[in-house]
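Participant: Pasting a structure below so you can have a look.
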Amino acid sequence: MSLPHAILTALLEKPSSGLELTRRFDKSIGYFWSATHQQIYRELGKLETEGFIRTLPAEQSARGQKKNYEVLPAGRAELARWTAAAQDPKPQRDVLLLRLRAAAVVGTAGLEDDLRRHLELHRRQLAKYQEIERRDFPPDRGAPQDRLRHLVLRAGIDLETFWTQWLARAVAEVAELPTEGRD
């Protein structure tokens, strides 16, 4: 049920067309809650049917014109209800960790190279998050909304820091293993 709430959040931040929303998703919310463009458009239709959002009146009616959406009071109330509700953490599911466990049984062929690839991907993501932090969250910015957005970004930075440290350790560990079963 989180995708509709992610969309409500984005629309409360700024009423948008579906296309603008998908672009904003790709640049912000998508870092921690991914959705395809089809999923977003499908949810927009459901949210409108449920009375949580509405299409803003167009300045001129023209075929193919973008629909702009805004959140209605019922949508804001739903988002507030959801935000206040308790939720348990989800169990960790990561294919790389499962593959590492399987390698203990079948051998580590190809694993070190893929660990290095993952390490590089996480290093790039960490650098991207740190650049966003430098650009968008200078030390003197203290509005409550900015502090909460920065907290979300810090979670991303901390997770990428964890992954880069852990993967560096994993690469070193796998590199020290006997070569049997490895490339």
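Participant: Heavy atoms only, probe 1.4 angstrom, no DNA, RNA or ligands counted: give me F25, F32, F52 ranked by accessible area, highest first. Write down the numbers at each step before the final one.
Facilitator: Details: F25 5, F32 130, F52 35 Å².
If we order F25, F32, F52 from most to least accessible, we get F32, F52, F25.
Participant: Give me, ordered by chain and number, the residues 5 or more places off I53 or on other chains with an amide H under 5 Å from its own placed amide H.
Facilitator: Counting only residues 5 or more places away or on other chains, the set is E48, L72.
Participant: Report, to the nearest 10°, how far helix 144-176 tilts away from the longest principal axis of the Cα atoms in the chain, using its own Cα long axis and a range of 0 to 90°.
Facilitator: So the helix axis and the longest Cα principal axis differ by about 20 degrees.
Participant: I need the phi-derived Karplus couplings for the stretch 93-105: 6.51 cos²θ - 1.76 cosθ + 1.60, θ = phi - 60°, integer Hz, Gly and Pro marked x.
Facilitator: Those phi angles translate into 10, 9, 4, 4, 5, 5, 4, 5, 5, 5, 4, 5, 9 Hz.
Participant: Also, quick follow-up: Which residue, P15, A80, L159, has the largest displacement toward the positive end of the dipole of the chain when charges sit on each Cβ (Lys, Arg +1; Asp, Glu -1)?
Facilitator: Sorting the options by dipole projection puts first P15.
Participant: Computed FRET efficiency, Cβ-Cβ of W33 and V105, R0 25 Å: what is it to the nearest 0.05? Working shown, then result.
Facilitator: On the way: r = 34 Å, r/R0 = 1.35.
For W33 and V105, the calculated efficiency is 0.15.
Participant: Amide H of S16 versus every other amide H placed in the peptide plane: which residues, excluding those fewer than 5 positions away on the same chain, fall under 5 Å?
Facilitator: The answer is Y69.
Participant: At 1.4 Å probe radius, can you tell me the per residue accessible area of the chain in Å²? Working shown, then result.
Facilitator: Details: 12790 Å² over 183 residues.
Counting only protein heavy atoms, the per-residue value for the chain is 70 Å².
Participant: Contour minus end-to-end for W82 and Y41, with contour as 0.36 nm per residue of separation and end-to-end as the Cα-Cα distance?
Facilitator: Details: separation 41, 0.36 × 41 = 14.76 nm, distance 2.10 nm.
Full extension of this stretch gives 12.7 nm more.
Participant: Hey, another quick one. Give the angle, between 0 and 90 degrees and rounded to the nearest 10, that separates the Cα long axis of helix 111-136 from the longest principal axis of the Cα atoms of the chain.
Facilitator: That helix lies at roughly 40 degrees to the long axis.
Participant: Quick check: net charge around L97, other residues with Cβ under 15 Å of its Cβ, Lys/Arg +1 and Asp/Glu -1? The partial results should precede the final answer.
Facilitator: Values: positive: K90, R93, R99, R101, R169; negative: D94, D114, E173.
Charge balance near L97 sits at +2.
Participant: Can you give me the % of accessible surface on the stretch 88-170 that is carbon or sulfur? Probe 1.4 Å, all protein chains present, nothing else counted.
Facilitator: Working: 3410 of 6120 Å².
Carbon and sulfur: 56 percent of the exposed surface of the stretch 88-170.
Participant: Spelling out what I want: for every residue of the stretch 17-28, take phi, set θ = phi - 60°, compute 6.51 cos²θ - 1.76 cosθ + 1.60 (Karplus), and round to whole Hz; glycine and proline get x.
Facilitator: Once rounded to whole Hz, the list reads 7, x, 5, 4, 4, 5, 5, 5, 4, 4, 9, 9.
Participant: Please report, in debye to the nearest 20, how large the charge dipole of the stretch 72-132 is about its Cα centre when each Lys and Arg carries +1 at its beta carbon and each Asp and Glu carries -1 there.
Facilitator: Values: 11 positive and 8 negative charges, 25 e Å.
Charge dipole, the stretch 72-132, about its Cα centre: 120 debye, nearest 20.
The values are calculated or read from the model by the stated rules, or taken from the named source; none is laboratory data. Remember, predicted model here, so these are calculated numbers, not experimental data. Every residue, glycine among them, receives a Cβ derived from its backbone with ideal geometry; neighbour counts consider all protein chains shown. Calculation scope for accessible area: heavy atoms of the full protein, side chains included, ligands and nucleic acids excluded. Shrake-Rupley method; radii C 1.70, N 1.55, O 1.52, S 1.80 Å.
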